[in-house]
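Chemist: Before I ask anything, here is the structure I am working with.
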Amino acid sequence: MLVRILNQETLMRPPPTPTRLALILGLTLVALPSISQHQHDTGANQPHGSRGMHHDFSDVERYSKMFDDPDRAAWQKPAELLAALGVEAGMTVADVGAGTGFFLSHLADAVRPDGHVLALDVEAKMVDFMRERITSEQLASVEARKIAPDDPGLEDGSVDRILIVNVWHHIDDRDRYAGVLRAALATGGSVAVVDYDAQSPHGPPKKHRLAPEVVKSELEAGGLSVEILEETLPYQYVVVGAP
């Protein structure tokens with residue numbers, strides 16, 4: 001269960017609705033993958049197979065200041081999120097669109113002692129940054145890989161959890177991509193999509209945001225049985241799909 005904690009930053013923003021104040025856990029800025037320097041219109045009602053929002057994330061130092069802000073862990077609550085998604089010791093977990101690798105140490109802690117973490121991103125400079133991070137933080141169970149925009153490069157039946165945080169709206173042909181992710185899941189595996197809701201003060205322009213119902217239908221089109229978690233994050237939703 002995710003439990004929302006109201007911190008000083010939250011209280012200083014325009015107040016959300018009373019029902020949202022009753023919820024928990026902060027998720028706003030997170031690692032996004034780079035696909036190109038161009039943007040294409042997408043929205044909450046876009047049809048299946050639409051192009052994602054394309055953006056350039058090659059300026060790693062700039063984005064690291066955002067994604068790796070020292071205060072982020074206080075509102076991001078990554079350990080609680082991973083626990084809610086059932087990330088456990090011994091699992092193989094793929095972080096698709098891992099960016100600068102904010103989640104990597106948390107994932108490594110969750111799957112140790114004999115699990116494995118795959119840090120995947122389409123931006124080569126992000127991957128290089130993560131490899132340096134893996135070395136400096138001595139994350140022996142983590143491997144960073146550059147992937148293609150249309151293929152995470154995962155072998156069939158090879159991963160227990162796939163984490164996609166603030167990335168799904170960047171992906172092209174998401175129906176097909178969901179099918180690729182489904183094939184990569186081991187028995188009992190699942191895909192978790194965390195993305196911005198329409199009311200979030202953070203995230204992409206609203207025309208590029210996807211409603212959770214759209215994400216649900218796209219994952220279902222890929223052959224997954226899907227649930228929108230009842231308890232959401234302050235500015236985001238979580239959609240989980242399993243074969």
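Chemist: Would you check which residues across region 159-187 are open to solvent by 10 Å² or more (accessible area, probe 1.4 Å) and hydroxyl-bearing (Ser, Thr, Tyr) and list them?
Modeler: Thr187
Chemist: Let me ask something else. Is one or more of the residues making up region 198-214 within 30 Å of Asp114 (Cβ to Cβ) and open to solvent by 10 Å² or more (accessible area, probe 1.4 Å)?
Modeler: no
Chemist: Since Arg161 meets every condition but one in (1) assigned to a helix (DSSP H, G or I); (2) under 19 Å from Gly99 (Cα atoms); (3) of a type in the set (Lys, Arg), which condition does it not meet?
Modeler: Arg161 satisfies every listed condition except (1).
Chemist: Look at Arg145 and say whether it is at pLDDT 95 or above, touching a strand residue (DSSP E or B) at 6+ places or on another chain (Cβ under 9 Å) and surrounded by fewer than 21 Cβ atoms within 10 Å (Cβ to Cβ).
Modeler: Answer is yes for this residue.
Chemist: OK, next. Name the residue, out of Val238, Val226, Val194, that is within 13 Å of Arg174 (Cβ to Cβ), of a type in the set (Val, Ile, Thr) and in a strand (DSSP E or B).
Modeler: On inspection, the qualifying residue turns out to be Val226.
Chemist: Oh, and also: Scan region 222-230 and give yes if some residue there is at pLDDT below 85 and crowded, with 19+ Cβ neighbours inside 10 Å, otherwise no.
Modeler: no
Chemist: Being under 16 Å from Leu185 (Cβ atoms) and surrounded by 22 or more Cβ atoms within 10 Å (Cβ to Cβ) is the filter here, so list the residues in region 231-242 that pass it.
Modeler: Answer for region 231-242, where residues must be under 16 Å from Leu185 (Cβ atoms) and surrounded by 22 or more Cβ atoms within 10 Å (Cβ to Cβ): Val239, Gly241.
Chemist: Given the options Asp175, Asp197, name the one that is at pLDDT below 95 and not β-branched (Val, Ile, Thr).
Modeler: Selected residue: Asp197, the only one of Asp175, Asp197 that is at pLDDT below 95 and not β-branched (Val, Ile, Thr).
The values are calculated or read from the model by the stated rules, or taken from the named source; none is laboratory data. Just so you know, these numbers come straight off a predicted model, no measurement behind them. Every residue, glycine as well, gets a Cβ built from its backbone with ideal geometry; the counts of neighbours run over all protein chains shown. These area figures cover heavy atoms from the full protein model, side chains too; ligands, DNA and RNA do not enter into them. Shrake-Rupley method; radii C 1.70, N 1.55, O 1.52, S 1.80 Å.
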